[in-house]
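Here's the structure we're looking at; comments come further down.
The values are calculated or read from the model by the stated rules, or taken from the named source; none is laboratory data. Source: prediction; values computed, not measured. Backbone-built Cβ (ideal geometry, glycine too); neighbour counts: all protein chains shown. Quick note on the areas: whole protein, heavy atoms, side chains included, nothing else; ligands and nucleic acids left out. Shrake-Rupley method; radii C 1.70, N 1.55, O 1.52, S 1.80 Å.
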Amino acid sequence: MISIKDRATSFLMSRIGKTARVTTLTRIGNFLMEIHLQLPQALPERSTQHLKCEVAPYTYRDYTVASWDTIKQTAVLIVDCGHEGVGSSWALGLQTGDEIYYAGPGGGLHQPSDAQYLVCIGDASATGHFHSLYLRKAAGQQFHCFLQLEDPATRQLLQMPVQPLSNNGHYFTDLHEWLYHYDFPVANTTYYVAGNQQMVVQVRKSLRQQGKQVKAQGFWG
């Protein structure tokens, strides 16, 4: 548990002036942490906006707001803790009642298009990013999400249906097989790709070579 003195020191060292409080922590599968935050002010009603969180002194990570409750003024972040890193350690060490320092919101570049099919492709770090798109889609739009997950049994993330892909060398083979299976119409489908930068570049290049509309954003790596 972080002492009041340590929190005060961290705040003074940080240029981030907003404070949120952790209200709930939930593990999703083995590697995802769902963090509910009580915020001091409202957020805009848009997809894929992120909060820049102080995860250590002078160290910050951007996490997409997976969902936002306007009435309760609470935001949900989903943090991928399946790899070693200061962000993972921070998320795993949080406790209910802790305060976190943040800036934002920022981002929000990806919004649901007018296409009938919205297809999301990424790794576990893109879970919150895609969930925010899922919540903002129109009622008549079809939504498909392909995620590279450490825990392939995770098929439901915050009520969002997910097609898990293998987290190994067969990832791209599995992805192309699923895309071939669905055969989404080129003229009426928008692809959203997010997560590891190398993966994003490869998938974006492959989709664009097929003449498909792609919106991509790299997060890490």
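With a Förster radius of 25 Å applied to the C-beta separation of ASN188 and ALA42, the computed FRET efficiency comes to 0.15. Normalising the Debye intensity of the range 7-123 to I(0), with uniform scatterers on Cα atoms only, and taking log10 at q = 0.11, 0.18, 0.23 Å⁻¹ returns -0.37, -0.98, -1.47. Sorted from longest to shortest, the spans of the Cα atoms of the range 173-221 along the three principal axes equal 31, 21, 15 Å. Computed from label points 7 Å out along Cα-Cβ, the spacing between GLN197 and ARG27 is 3.2 nm. Here the Gaussian network model covers the chain, with springs between Cα atoms less than 10 Å apart; of THR64, THR26, THR127, THR26 fluctuates the most.
Calculated on the alpha-carbon coordinates, the convex hull of the range 103-207 measures out at 118 cubic angstrom per residue.
Label-to-label distance for ASP114 and TRP220 is 3.7 nm, based on points extended 7 Å past Cα in the beta-carbon direction. The accessible area of ARG61, taken with all protein chains in place and a 1.4 Å probe, comes to roughly 100 Å². Using a Gaussian network model on the chain with a 10 Å cutoff between Cα atoms, which of LEU32, LEU175, LEU207 fluctuates the most? Per the Cα network of the chain with a 10 Å cutoff, LEU207 tops the list. At q = 0.15, 0.17 Å⁻¹, what is the log10 ratio I(q)/I(0) for the chain, with the Debye formula run over Cα points and no solvent? The Debye formula, applied to the Cα set alone, gives -0.97, -1.20.
Calculate for the chain the 222 nm mean residue ellipticity that helices alone would give, adding -39,500 (n - 2.57) per DSSP H run of length 4 or more and normalising by residue count, nearest 500 deg cm²/dmol.
Estimated from H runs of four or more residues: -7000 deg cm²/dmol.
Charge dipole of the chain (Cα centre as origin; +1 on each Lys and Arg Cβ, -1 on each Asp and Glu Cβ, all else neutral): 560 debye, rounded to the nearest 20. Of all DSSP beta bridges confined to the chain, the antiparallel ones make up roughly 60%. Relative to its Kirkwood radius, the Cα radius of gyration of the range 107-146 gives an Rg/Rh of 0.93. GLN213 to ASP174: FRET efficiency via 1/(1 + (r/R0)^6), r the Cβ-Cβ distance, R0 22 Å, to the nearest 0.05? Taking R0 as 22 Å, the efficiency between GLN213 and ASP174 is 0.50. For the options ASN168, ASN196, ASN188, a Gaussian network treatment of the chain with springs between C-alpha atoms closer than 10 Å singles out ASN168 as fluctuating the most. Mean sequence separation of contacting Cα pairs (under 8 Å, at least six apart), scaled by the length of the range 53-158, corresponds to a relative contact order of 27 percent.
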